[in-house]
Every structure is written in C-alpha cells, then in structure tokens.
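A.B. asks: Below is the structure I would like to discuss, written out as structure tokens.
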Amino acid sequence: MRVMAQMGMVMNLDKCIGCHTCSVTCKQAWTNRAGVEYVWFNNVETRPGQGYPRTYQDQEKWKGGWVRTKRGRLKLRAGGRWQRLTQIFSNPKLPELDEYYEPWTYEYDNLISAPLGEDTPVARPKSLITGRPMKIEWSANWDDDLAGGPELAPQDPVLKKIKDEVGDRVKLEFEQAFMFYLPRICEHCLNPACVASCPSGAMYKRSEDGIVLVDQDSCRGWRMCVTGCPYKKVYFNHRTGKAEKCTLCYPRIEVGMPTVCSETCVGRLRYLGLFLYDADRVTEAAAVENEQDLYEAQLDLILDPHDPEVQAAALRDGIAPDWLEAAKNSPVYRLAKEYRVALPLHPEYRTMPMVWYIPPLSPIVDALRDTGNDAEDADNMFGAIQSLRIPVEYLAELFTAGDPGPVLQSLHTLAAMRSFMRDENLGGQPDESIPAAVGMTADEMFALYRLLAIAKYEDRYVIPEAHAEVGRQLEELGCSLDFEGGPGQYSSGTFGEASGRPTPVAVETFHALKQRQTTEGIVDVADADAKVNLLNWDGLGVPLGVPTVPPRSPESS
Amino acid sequence: MTESTTVQILLWAVLPYVTIAVFAVGMIWRYRYDKFGWTTRSSQLYERNLIRIASPLFHIGILAVVIGHVIGLVIPEQWTGWAPEAAYHAMAVVLGVIAGVCTLTGIVLLIYRRRTVGPVFSATTKNDKFMYVFLVAAICLGLVTTFYGSGIFGPAYNYRDTVAVWFRSIFYLNPQIQDMAESPASYQVHAIAGMLLFIIWPFTRLVHAFSAPLGYVFRPYVVYRDRGPHDPGSRPERRGWERVGR
C-alpha cells in the first residue's frame, strides 16, 4: 500500500440551477486571454444535449480514455505508444475549432464611431479567430436549457446508448422533456489518460495533492492530450501552441481557499476535500474486466482515513498530520465513500475521475416505482412530485457505466433524507425505519442532511494548506523599502500604488480576506500605522493590501 | 593543390563554423531562455483536412531526406564498397527523389493552406514567413541538385568524392575547401542555403524538430511530479526578477 492524497470535488446536481456563475468566474480568472477565447475550463451543460465540445462523450469517434486489452492490460483508446508517435504530425482525432465554437466579439466601436445616417448603427459579430464578420451558429452553451430539443438531442451520445432500453420513455417534446445541468471541470483523474498521452512528459499529476497540470515550459504542442482526455478538458491554446487545462485553482488550494468555481457557486453545490488512495492499485483497479465494476473498484481504492493502519501508512508515506486530519473531515470522502451518494462521471473511461456527482433527485418518483421500489412510500415522501422525467438509465449511463444500482441507491438515500427530515422539521416522531431502509442510522442521516442542505462553508471546503518552509514564507514578505515609515509602506512601491513587485497572492488576498470575513471589529483609524485605502475599504478589518500589524507594546511607542 | 580564394575560404571554411557556432549557441540560448516559445505551434485546430495529408507528407518526407543526407554525407564511400556503385547511385536517386518530391509537395500544400485558410494565415508570424523562404529554398535547391547529379539530365555527379569529404572534414577541423570549391554550382548553392537554414534555425519554430519525443516510448504512462520549491499560492519569479542568493 502506498498512500497518496488527492484533492477531490463533489457536485450536488440536485442543487444546480444552471446559472453559469462558475463558468463565468472561471473564465475571468483563467481563460480571458488571446488563444484560449474558446476555452472553458469549467462549463455547465444541459443534459440531454451534445455537450462541449459537441458529442465529446462519443469515444468511438474521439478515442479518449483507456481500453482494456484482451490480455487484461490498459491501453490508450487512441492507440499504443508507437502508434501515437507516428501520428504526431497530424493528430487524426483532434476536435476542430468548430466542434467547440468559433469565438467572437462585437464591433462595439461602430456604435459610437459610425457616421451620422438614416440607420441605427449596429454592433456586428466579428470572429476572434479571423477578425472577419461572422455568423454565430454555435457556442459553448448553445443548447442551454433546450433539454436537447428534437434537433440536437438525438446526437447526444448518452441518449443514443440508452435509446434501446428506454425507447419512447425519453420524450423530446417540450412539455414532456427532461433536463438537468451538469457542470464540468477537469476530473483530476487517478489514472489520467491525458498525462499518459503526452509525448513530451509535460503533463503530470502532482504527487502532493493529485492535481493534474501542464508544464508550460515542457509542452511542445503535440496535442495528444486533447485526444487522450475523454472529457475533452485539455485545450490547445492556439496562440501559444501549448496545452492548457483546469488547474483546480491550485494557487488558491495551496493556501486553503476553494477553487473560484466553488467559491462563487451560488447554489453552494460544490464540495472540496481530500481523498486518501492506494496508488499501488490504481492500474489494477482501472483494468477490471467489467465496465460496471469500475465504480466499485474506484471506491475500493479510496482508503478510510479513520483506519489506524491507513493512518500509519499515510504518515509513513509522507502525508503530513494536518493533511491526515483534513482527510478525516473530508466532505468528499463522506459523500463518495461513506454515504455513497456521489458517483464518478463516466467511470467506463477507466481514468478514475476524482470529480464526483450527486445525481439530481428531481422528479424521480416514477423511477422509484418502475424499478420495483415501494412507490407508495415514495409518493408519501414527495406528494408534490408526480412523475419522473429523468430516466435512471440516463443517469446510470453518465455515472456508473449503465448500472442503475448505485444511482438508485444514491437517489433512495437522498429521498430518504428528505422524508426523514420532513418528519423532523414538522415536529413528528423521527422514523428510524427510513434511514434503516437505506442502511444508515438516524445520526448519519442527520449528518448527511447538514452536509447537503445546510452546507456550511467550512463543511463544504476542507482544504489543508500546502507545506513549505516557514522561513521562505517570511522572506516573501520582505522588501528593502518596507521599514517603518519607509517609502515602501508595503502596499505601494517606489513609483506609486501599482509599482514594485506584485505582492504574492498568498499574502495579499488570503490573510486580508480571511480577516475581513471573520472580523467584527472596525479598524482603529486613529492608529498611525493603520494606513487605509478608502477606495475599496468597507470599514471592516484591515483594508486589502495592508499587512497585519501586531499591537505595539507601550514600551516601544 | 591550388590556393583557395578569399571567397572560397569564407564560404567553405568560415561559414560552416559560423553556422555550427550560431546553431549550437542559439539552441542553448533558446532552450535556456525561451522554453515557453519552444513549440510546434500547430494550426490543426483551425483546419484539419488539408493538414491531415500535407503535414505527414512533409514531415515524413523531410525525415527521409535527413536520413538520406546522413547516409550520403557522413558515411565514407569506402564503407559501402560492398554495394555496386551503380546500384547505390540508383537507389539514392530514386529514394531521394521520392522523399524530396514528398517534402516539396507537402510544404507547397502547407504554404497554400497557410495562405488560403483565414485563421491559419492570421496566425502566421513574420518569423514564420522569413523561415519559409529559407526552408523552401533549401528544399528546392536540394531537389534541383538531386536531379542534376542523378545523371538523368547529363553526366552523373558523384558528390561523395567531394561534397561529402568536405562535409566530414569540417568536423575534423581541417576543412577541405578545394573539394567543395570544385563541385558543381548547384551543390554549392544548396550547401549555402542549408547552412543559412541552420543559422536561422534556433530563432524560428523549426526548433521543435529537436524535441522529437522519443522518450515517450520508454517512460511510464502516468507522470508524477512534486509541487516544487515555489511558495504556496504565489507564482514563480519572473525572469530578471530572481531573488539574490539562489
């Protein structure tokens, strides 16, 4: 057993309202640059739908992920190493820009610079690739809220797969359609096919926290990672000629802050925390014969941080005690392994994805009935919900390679939690048989409720800070002009506010933000050292950019 | 042995060493200071139908050309004495012409694509255009030389007695200027074009040829790396702003 730590995410699809705040804030933080105009590290898809890039789940077409060979070994679906090398001159399975979309802007300038005339000036769309006027025909989210629609949904690869089983139960007419949202980021897989595809060895999995990154200095632009990733979450920057991908906001994670998408999620549906897993068994688990066993194999890799044996092994393998502590409190561990409500996205790609999803419970009653559950009881639970629209088969195709069992298990747990908590809230007698029906105790059910429904910030995000020598951190603070009363005064350089070396993110925002979020006091402006930037200061705490000044002792003043 | 003129010395003794120096130092400089710019800068994202044919045609062609040059220039004639001269020559000409034509067709298609496909054209830098002139010149002159020396349009020319000897003599630090000076003009012009190409090489996108990822075949599939020495949350220092004492 070799214990490694993995930063994982869980998204509760039940709560996603499809507002795209995560996508927008992610875009503003990471991909608002030339060359990655078309890139969304985080995107929110409406299912059913074609996704972004279009039909990326169709691995017969795009050849992402791994396959198991006859001899029981893992091989990239796109081909073996030599085969890939012969294809580096022109990757046959690279999505073209149209499969994503052609990014555009508008000729806004025309609105104010057009000469006086009869017609109202308009801002025509202009391609960001060619600079020419263009017709907008598709975008990252063109089929948003359409529930696929009769023109687009038939191309949904997931829908195609289950069409035989579900047949006419999937209705695409608007009054009968079903839909839900699927926010997607990089899965930071345990067995990443993108990393395995990279000929240059530029892509790597960080051994400390499992975040998958691209070394921009080593990437040579062979584009194999784009093909390798079955989720199509590695993108090619066409300006720099390098691969780029979701970084799980590692600069934030390293100082204990959640990712931008998580922080800004208005539905508070994202959870971040550590998994401990056995790195020695990853390949073996990813190579199990039956695709439907992959979910269990993946769960099996994840180690119980409460197990003393695992703890000893973790400490032996260099996992710091505070990380072990964080792993014990990890919300993602609890949701994925303890309660088994969170499921991996497309385990059949054999990449062991580490972003997990709680399936949407939404109108589910029919599913419970059709799959042999006591629909009467379910009716009691959800008097208002009349009919199922999201077929369990569809969810199973997304989360468990088509096995409805774990999806139903998860949905039952969620339904039971609602029913149980309704009794509790209405002052009734908590019915112990409800949690028992899904194999839980009343206490566990209550804990699950707190985690999912109350979802406090500190429960959702349990992120241990990265370790570094304290001395170096202090050094980071230093600047030769920062003596007391000196011209530096920390927040401004020699040539004004914006000059000088940028204050590291770690110092500038983290401590200031944390203080502002937690303080109740108003800063004492009479204090000569409390230099206040009134432009962006709300009166709470110490304003942004000003370091914490320890209270001076009377002797020194 | 006749005296070499100044021009001959400059072309066949000075220029080769200048080429080697600029190439070697240039590559080291580029690698040390511009790893980020060291990329194929593929335009496949914009257009994939033409590149599907043209790029492998060009690249496999040019790899064959490189192998042909190595065999022709590096291996002394005596070493291949076991093969009949006529057979060797015929082989070399046939394979050389095939490789050369593939390369030329490939690059013509690629340049046509670069010019006519809007997004590809707007992604073409001045540096690229500058480089294409030298690359295409070297390829065309090489093909002309192959035809010229083949014996199809006149007497065959055995460059292995002269050009190859001169080429190897450069690396013995004893350049045989006369060997090259007496070779036909087409060989001389091609050699000069080749040297100029190697001089600009480190400063163009051609550097990606030297990152052929052969290590991929031998390394484990999944690569793990440590977080490295940088401080949590902050980006690495920028070039020119490094801290003292590291």
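The values are calculated or read from the model by the stated rules, or taken from the named source; none is laboratory data. Here the structure is a predicted model, which is why all the values come from computation and not from measurement. Neighbour counts are summed over all protein chains in view; Cβ atoms, including those assigned to glycine, are modelled from backbone coordinates with ideal geometry. Each accessible area value is taken on the protein alone, full model and side chains, heavy atoms only, with ligands, DNA and RNA left out. Shrake-Rupley method; radii C 1.70, N 1.55, O 1.52, S 1.80 Å.
A.B. asks: Check the stretch A:73-95 and report whether any residue there is open to solvent by 40 Å² or more (accessible area, probe 1.4 Å), in a loop (DSSP other than H, G, I, E, B) and farther than 23 Å from residue B:40 by Cα.
C.D. replies: Among the residues of the stretch A:73-95, at least one is open to solvent by 40 Å² or more (accessible area, probe 1.4 Å), in a loop (DSSP other than H, G, I, E, B) and farther than 23 Å from residue B:40 by Cα, which makes the answer yes.
A.B. asks: Taking the stretch A:103-147 as the search range and keeping residues that are of a type in the set (A, V, I, L, M, F, W, C) and over 19 Å from residue A:53 (Cβ atoms), which one is surrounded by the most Cβ atoms within 10 Å (Cβ to Cβ)? Walk me through how you get there before you give the answer.
C.D. replies: The initial filter retains those residues of the stretch A:103-147 that are of a type in the set (A, V, I, L, M, F, W, C), namely A:104, A:111-112, A:114, A:116, A:122-123, A:128-129, A:134, A:136, A:138, A:140, A:142, A:146-147.
Remaining after also requiring over 19 Å from residue A:53 (Cβ atoms): A:111-112, A:114, A:116, A:122-123, A:147.
Numbers: A:111: 12, A:112: 7, A:114: 14, A:116: 5, A:122: 11, A:123: 13, A:147: 22.
Ranking the qualifying residues of the stretch A:103-147, first place goes to A:147.
A.B. asks: Residues of the stretch B:21-53 being open to solvent by less than 70 Å² (accessible area, probe 1.4 Å), more than 8 Å from chain A (Cβ to nearest Cβ) and touching a residue at least 40 places away in the same chain (Cβ under 8 Å), which ones?
C.D. replies: B:22, B:23, B:26, B:27, B:30, B:50
A.B. asks: If I filter the stretch A:184-209 down to residues being facing chain B (nearest Cβ under 7 Å) and more than 13 Å from residue B:216 (Cα to Cα), which single residue comes out as most open to solvent (accessible area, probe 1.4 Å)?
C.D. replies: A:208
A.B. asks: Please find, among B:113, B:168, B:160, the residue that is open to solvent by less than 60 Å² (accessible area, probe 1.4 Å), assigned to a helix (DSSP H, G or I), touching a Leu at 6+ places or on another chain (Cβ under 6 Å) and among the basic types (Lys, Arg).
C.D. replies: Of the residues listed, the single one that is open to solvent by less than 60 Å² (accessible area, probe 1.4 Å), assigned to a helix (DSSP H, G or I), touching a Leu at 6+ places or on another chain (Cβ under 6 Å) and among the basic types (Lys, Arg) is B:113.
A.B. asks: In addition: With a cut-off of at least 3 residues that are closer than 28 Å to residue B:31 by Cα and more than 9 Å from chain B (Cβ to nearest Cβ), name the helices (runs of 4 or more DSSP H) lying wholly within the stretch A:218-271. Before you say what the answer is, go through the steps one by one.
C.D. replies: Working: elements: A:224-228, A:250-253, A:260-263.
Because the criterion is at least 3 residues that are closer than 28 Å to residue B:31 by Cα and more than 9 Å from chain B (Cβ to nearest Cβ), the helices (runs of 4 or more DSSP H) in the stretch A:218-271 that meet it are A:224-228.
A.B. asks: Report every pair of residues separated by at least 6 positions or lying on different chains whose Cβ atoms are under 9 Å apart, first residue within the stretch A:85-110 and more than 9 Å from chain B (Cβ to nearest Cβ) and over 15 Å from residue A:236 (Cβ atoms), second surrounded by 13 or more Cβ atoms within 10 Å (Cβ to Cβ) and hydroxyl-bearing (Ser, Thr, Tyr).
C.D. replies: Qualifying pairs under 9 Å: A:104/A:127; A:104/A:139; A:105/A:127.
A.B. asks: If you don't mind, there's one more thing I want to ask. Looking for whichever is touching a Pro at 6+ places or on another chain (Cβ under 7 Å), more than 25 Å from residue A:268 (Cβ to Cβ), at pLDDT 85 or above and small (Gly, Ala, Ser) here; the options are A:442, A:396, A:436. Which one fits? Lay out the reasoning, then the answer.
C.D. replies: Details: A:442 fails: more than 25 Å from residue A:268 (Cβ to Cβ); A:436 fails: touching a Pro at 6+ places or on another chain (Cβ under 7 Å).
Answer to the check: A:396.
A.B. asks: Would you point out which residue out of B:160, B:114 is in contact with a Phe, Trp or Tyr (Cβ under 8 Å, 6 or more places away or on another chain) and charged (D, E, K, R)? I'd like the intermediate steps shown before the answer.
C.D. replies: Numbers: B:160 fails: in contact with a Phe, Trp or Tyr (Cβ under 8 Å, 6 or more places away or on another chain).
Exactly one of B:160, B:114 is in contact with a Phe, Trp or Tyr (Cβ under 8 Å, 6 or more places away or on another chain) and charged (D, E, K, R), namely B:114.
A.B. asks: Which residue is farthest from the chain's Cα centre (by Cα), if the candidates are limited to the stretch A:24-50 and must be open to solvent by 10 Å² or more (accessible area, probe 1.4 Å) and small (Gly, Ala, Ser)?
C.D. replies: Among them, the one singled out is A:34.
A.B. asks: Sticking with this one: Checking residue A:45 against (1) among the charged types (D, E, K, R); (2) more than 26 Å from residue A:191 (Cβ to Cβ); (3) outside any helix (DSSP H, G or I): exactly one of these is not met. Which one?
C.D. replies: (2)
A.B. asks: A further question on this structure: Does the stretch A:65-84 hold any residues that are over 19 Å from residue A:229 (Cβ atoms) and either away from chain B (no Cβ under 12 Å) or among the aliphatic types (A, V, I, L, M) (or both), and which are they? Write out each step before concluding.
C.D. replies: If we filter the stretch A:65-84 for residues that are over 19 Å from residue A:229 (Cβ atoms), which is where we start, we get A:69-73, A:82.
Matches in the stretch A:65-84: A:69, A:70, A:71, A:72.
A.B. asks: If you go through the stretch A:272-294, how many residues are part of a helix (DSSP H, G or I), surrounded by fewer than 22 Cβ atoms within 10 Å (Cβ to Cβ) and more than 14 Å from every other protein chain (Cβ to nearest Cβ)?
C.D. replies: So the count comes out to 3.
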